[in-house]
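The structure appears below as structure tokens.
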Amino acid sequence: MTTQPVALVTGASSGIGKAAALALVDRGFRVVGTSRIASRVTAPAGTTFFDLDVSRDDSVHALVGQVITRFGRIDVLVNNAGIGAAGAVEEMSVEQHQRVLDVNVLGVIRMSKAVLPVMRAQGGGRIINVSSLLGLVPQPFMAAYVASKHAVEGFSESLDHEVREHGVRVVLVEPAYTSTAFDSNAMVADHPQPVYAPRRVVFDEVLGEAMKDGDAPTVVAKTIVAAATDPKPRLRYTAGARAGRVSTLRRIAPARLFDGQIRKLNRMAG
Ligand SMILES: NC(=O)c1ccc[n+]([C@@H]2O[C@H](COP(=O)([O-])OP(=O)(O)OC[C@H]3O[C@@H](n4cnc5c(N)ncnc54)[C@H](OP(=O)(O)O)[C@@H]3O)[C@@H](O)[C@H]2O)c1
């Protein structure tokens, strides 16, 4: 049991989740991080790691039970665990699309459902869902991932209205491309087709450059801390200057102009 506020960060073994866990410790949180294989993680000071696979109901329930038994509360849940997927829609099986949605969308839903009774009983709490700029804009050759993050956006905004009167807020953090192992951990299409091969080479180049020039995970971690501690939370927090610019453009640019820009950025004609 602890009197410190407790933050639970899913997928804290690497990348954005790891940086967020460290930043939350610095802000005075007792942090519970998760990994599918927690025994492989060297837990930094101020953190405790437990196993979690967000695609399994039993794993989600076991985790929340462990956190409550050990610490007695969950003040902040950061739904960060996620996977990428690269390939044309025709090149990825339905099973691959299901897997992306199971981890990125149903994982967020499972975790939210498991912590909400705890947060309501406490009289408050905050759920921070790590979305993406790709929750706001399209990206060819990443349609499954884009669909998952658009779903997280709509889910979060709707849930926030349901639980606000119970003292719980649901907010979104929207990073731009961030330099992590996300790209190399991404699922590769299981049915590659020659017709898409030349375009996929270009896509790989574009994505590789974007990831190389991406924000540091600490940029997103800082935004997650702001979302966790803001006395008057906003629904959306873009992480870093680039994410802010794209989000604004998405809202104000005429649709035709925006469509043209997406094609230009992806080196597609017409
Ligand atoms: N990097 C970017 O450019 C970028 C941009 C926008 C948004 N995001 C989002 O940021 C989040 C973190 O990504 P990242 O860039 O930090 O990538 P990452 O380094 O690959 O981290 C992903 C994390 O998710 C965990 N994970 C994967 N599958 C899981 C599952 N089934 N159950 C539980 N945990 C699972 C991994 O933990 P274990 O392998 O230890 O289980 C890992 O810690 C994701 O939601 C991603 O969509 C990333």
Please work out which one of (1) in a helix (DSSP H, G or I); (2) open to solvent by 50 Å² or more (accessible area, probe 1.4 Å); (3) within 12 Å of the ligand (Cβ to nearest atom); (4) touching a helix residue (DSSP H, G or I) at 6+ places or on another chain (Cβ under 8 Å) is the condition I16 fails and give its number. (2)
Quick check on this structure: which one of L52, L77, L22 is open to solvent by less than 20 Å² (accessible area, probe 1.4 Å), at pLDDT 95 or above and closer than 23 Å to D230 by Cβ? L77
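Would you check if A121 is more than 21 Å from S59 (Cα to Cα), open to solvent by less than 20 Å² (accessible area, probe 1.4 Å) and more than 14 Å from the ligand (Cβ to nearest atom)? Write out each step before concluding.
Values: more than 21 Å from S59 (Cα to Cα): yes; open to solvent by less than 20 Å² (accessible area, probe 1.4 Å): no; more than 14 Å from the ligand (Cβ to nearest atom): yes.
The answer is no for A121.
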Any residue at all in the stretch 4-11 that's within 7 Å of the ligand (Cβ to nearest atom) and either under 17 Å from the mean Cα position of the chain (by Cα) or at pLDDT below 95 (or both)? yes
Only one of G82, G65, G33 that is away from the ligand (no atom under 16 Å from the Cβ), open to solvent by less than 80 Å² (accessible area, probe 1.4 Å) and at pLDDT 95 or above: G65
Residue pairs within 7 Å by beta carbon, gap of at least six or interchain, first lying in the stretch 70-87 and at negative phi and outside any helix (DSSP H, G or I), second within 12 Å of the ligand (Cβ to nearest atom) and of a type in the set (F, W, Y), listed first then second, are G84/Y145; G84/F182; A85/Y145
Of these, G33, G11, which one is in a loop (DSSP other than H, G, I, E, B) and within 26 Å of Y177 (Cα to Cα)? G11
Against the definition (at pLDDT below 95, away from the ligand (no atom under 13 Å from the Cβ) and of a type in the set (D, E)), how does E209 come out, yes or no? no
For the stretch 25-38, pairs from a residue that is farther than 11 Å from T2 by Cβ and in contact (Cβ under 8 Å) with a residue 60 or more places away in the chain to a residue that is open to solvent by 70 Å² or more (accessible area, probe 1.4 Å) and within 16 Å of the ligand (Cβ to nearest atom), with Cβ under 9 Å and 6 or more apart or across chains, are none
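The values are calculated or read from the model by the stated rules, or taken from the named source; none is laboratory data. As the structure is a prediction and not an experimental result, all values here were calculated from the model. Note that we place each Cβ from the backbone using ideal geometry, even for glycine, and neighbour counts take in every protein chain shown. All accessible areas refer to the heavy atoms of the entire protein, side chains included, with ligands and DNA or RNA removed. Shrake-Rupley method; radii C 1.70, N 1.55, O 1.52, S 1.80 Å.
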